[in-house]
Amino acid sequence: MSPLTVSGQEAIPRFSVEEAVQEALHRNPSMRETSATMAVADESVKSARADLLPKISAGYGYTALKEDPVLKMASGDVQIASRKQYNWNVTAVQPLFSGFALSSRYNIARLDTLSRTLEKDQTILDLTRSVCSACYTLLLAGKILEVRNDEVHALIAHKRDAQLFFSQGLIPPNDRLKADVALSNALQEQERAKANVRKAVIGINRLLNRSLESELVIKDAPMPVQAYDDLAALSERALKDRPILRLVDIGMKQLELVKKASQSAWYPQISVVGSYAKTGDNPSASSNEYSDSDGSYVGVKLEWNFWQSGKIRAEVNRTCRQMEALDAKIENLKAQVLEEVSDALIDCQLARTNIATAEKALSQARENWRITDLQYQQQVATSSDVLDARSFLTQADTNYYRAVYGYLDAVAGLERTIGKKPSSALVFSTHSPTMRKKARLEYE
């Protein structure tokens, strides 16, 4: 989002939370990093596919002998080749059967493209969560600053009243001093609130890859329309959509293919080999007085290693142990995910309950402040009563805003635990759609 221009000056950019998330998904370096790793995975697939295709090689050579090559016979020496020999050849090899090694490596690479896609999905979830949390932190800091400003203004007015009453001899000196001390403390809290706002802006700028000292405004966030309450449905969705669980599932399928590739060494390697060669006494090898200048052949090549001192079995067993370890990890991850969903839902429900409690307390604190301030004007309440009422109101205001933005943050945390991505994230995939679809079909 580019800033608007007003009267030749740049206006401070304003983002909603959703717009801030979208901006981060466009600009944050972690997104470029995941896109680059996905491109690397694509190239790995191309490399593995190339192993299934014919391999063609060519060679050229020149040999200069000190003497003419001859064949010694009883009747005398017979020259059999030129002293200067030129030769070149072209050879093609097409694998027919590799014991499933080549196809397994190709399928591993294809699954790796899906792994990189899931890692990007995880990055989107984490970045979205971080941006939402940073935005709610800024919004809360802004509200607390407003509360502190109101407190300072109220205490300035109270100090003025206390000074007037003191000059009239209506209150003792310590009441006036209490007003001074309270205002001094409020001014310190006001400065601390300003610093917290500045820190929150810096945090968002970092996530949006903007200059840290740039100004920005986050629009106030509406309360979520959807209230999450069904733990069973949320848990089911998390087990289905959390990228980390799908990643380890793909890792298991890759280990199965690694095992298959290791077992391939027990099978013969069969290839079709074709070659064409020319030999002669000139650089083009087109002239040969002693034999045919060219020759070609096509054949089948079979290689079979019968004995490798238990190496293959050890490789297969190692992969089996890795699969057992990963299976235990998957079970543990599922339990952790279910625990995260349960905890996040409890946090949401608690925060939502706290909003109603804090709202009621705030209403009572405002009425208490109104009555106490009025009583002080009529000199039926002390300065201590006023300061206590103002302190109660400041605390109630703070608690209310913490409950509101705590609930918004808790909802954002719950949505991450169930793997819910922002709708805008759908436009940020730079991965090859065809490659991604093929890999997904293989995974499923």
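Which of the peptides 274-281, 315-322, 368-375 is most tightly packed, and how do the rest follow, going by the mean number of other Cβ atoms within 10 Å of each residue? Intermediate values should be presented prior to the final figure.
Details: 274-281: 17.5, 315-322: 14.5, 368-375: 16.0.
The densest-packed peptide leads the list: 274-281, 368-375, 315-322.
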Between beta-carbons, use under 15 Å as the cut-off and find the net charge around Ala365, counting Lys and Arg +1, Asp and Glu -1.
-3
Run through all the Cα pairs of region 261-393 and give the fraction in each 10 Å bin from 0, expressed as whole percent.
9, 13, 10, 10, 10, 9, 8, 7, 7, 7, 6, 4, 1, 0
More than 16 angstrom separation, counting every C-alpha pair in region 118-160; what % is that?
58 percent
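So how do 16-22, 151-157 stack up, highest first, on mean other-Cβ count within 10 Å?
On the way: 16-22: 20.3, 151-157: 17.1.
So the peptides 16-22, 151-157, ranked by packing, come out 16-22, 151-157.
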Determine the principal axes of the Cα atoms in region 249-303, then give the extent along each, sorted from largest to smallest and rounded to whole angstroms.
65, 20, 12
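Which order do the peptides 110-120, 51-61, 172-182 come out in when sorted by mean C-beta neighbours inside 10 angstrom, highest first? It would help to have the intermediate numbers written out before the result.
Working: 110-120: 22.6, 51-61: 11.3, 172-182: 15.8.
The peptides rank, most packed first, as 110-120, 172-182, 51-61.
If I compute solvent accessible area with a 1.4 Å probe over the protein chains, what percent of it on region 148-211 is carbon and sulfur? Let's see the in-between values first.
Working: 1890 of 3500 Å².
Carbon with sulfur: 54 percent of the solvent-accessible area.
What dipole magnitude, in Debye to the nearest 20, does the chain give about its Cα centre under +1 on Lys/Arg Cβ and -1 on Asp/Glu Cβ?
Charge dipole of the chain: 840 debye, to the nearest 20.
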From the phi angles alone, apply the Karplus equation (6.51, -1.76, 1.60; θ = phi - 60°) to region 243-259 and give each ³J(HN,Hα) in whole Hz, x where the residue is Gly or Pro.
x, 4, 6, 5, 5, 5, 5, 5, x, 5, 5, 5, 5, 4, 6, 4, 4
Can you tell me the Rg and the Dmax, both Å, for the Cα atoms in region 44-129?
27.3, 94
Rounded to whole Å², per residue accessible area for the chain with a 1.4 Å probe reads 56 Å²
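Exactly which GluC sites (Glu not before Pro) in region 169-226 are in a DSSP loop and have at most 11 other Cβ atoms within 10 Å? List each step's numbers first, then the result.
Working: sites: Glu189, Glu191, Glu213, Glu215; in loops: Glu213, Glu215.
Filter output for region 169-226: Glu213.
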Among Leu183, Phe166, Thr137, whose Cα sits farthest toward the positive end of the charge dipole of region 131-227 (+1 at Cβ of Lys/Arg, -1 at Cβ of Asp/Glu, about the Cα centre)?
Thr137
Region 1-151: radius of gyration and largest Cα-Cα distance (Dmax), Å:
34.4, 124
Of the options Asn354, Ser271, Thr128, report the single residue whose Cα projects farthest towards the positive end of the charge dipole of the chain (beta-carbon charges: Lys, Arg +1; Asp, Glu -1).
Ser271
Can you give me the C-alpha center-to-center distance between region 151-214 and region 347-420, rounded to a whole angstrom?
18 Å
The alpha-carbon center of region 262-284 and that of region 302-333 are separated, in whole Å, by 31 Å
Per residue convex hull volume, Cα atoms of region 169-277, in Å³
403 Å³
Can you tell me which lysines have their Cα less than 19 Å from the Cα of Lys278? Leave out same-chain residues fewer than eight positions away.
Lys84
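Can you give the convex hull volume per residue for the Cα atoms of the chain, as a whole number of Å³? All intermediate terms of the calculation are to be shown ahead of the outcome.
Values: hull volume 122.4 nm³, N = 444.
Per residue, the Cα convex hull of the chain comes to 276 Å³.
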Per the charge dipole of the chain (beta-carbon charges, Lys/Arg positive, Asp/Glu negative, Cα centre), the residue among Ser104, Met252, Leu65 reaching farthest to the positive end is Leu65
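The values are calculated or read from the model by the stated rules, or taken from the named source; none is laboratory data. Note that the coordinates shown come from a computational prediction; the quantities given were computed from them, not determined experimentally. Every residue, glycine as well, gets a Cβ built from its backbone with ideal geometry; the counts of neighbours run over all protein chains shown. SASA here: full protein model, heavy atoms, side chains in, ligands and nucleic acids out. Shrake-Rupley method; radii C 1.70, N 1.55, O 1.52, S 1.80 Å.
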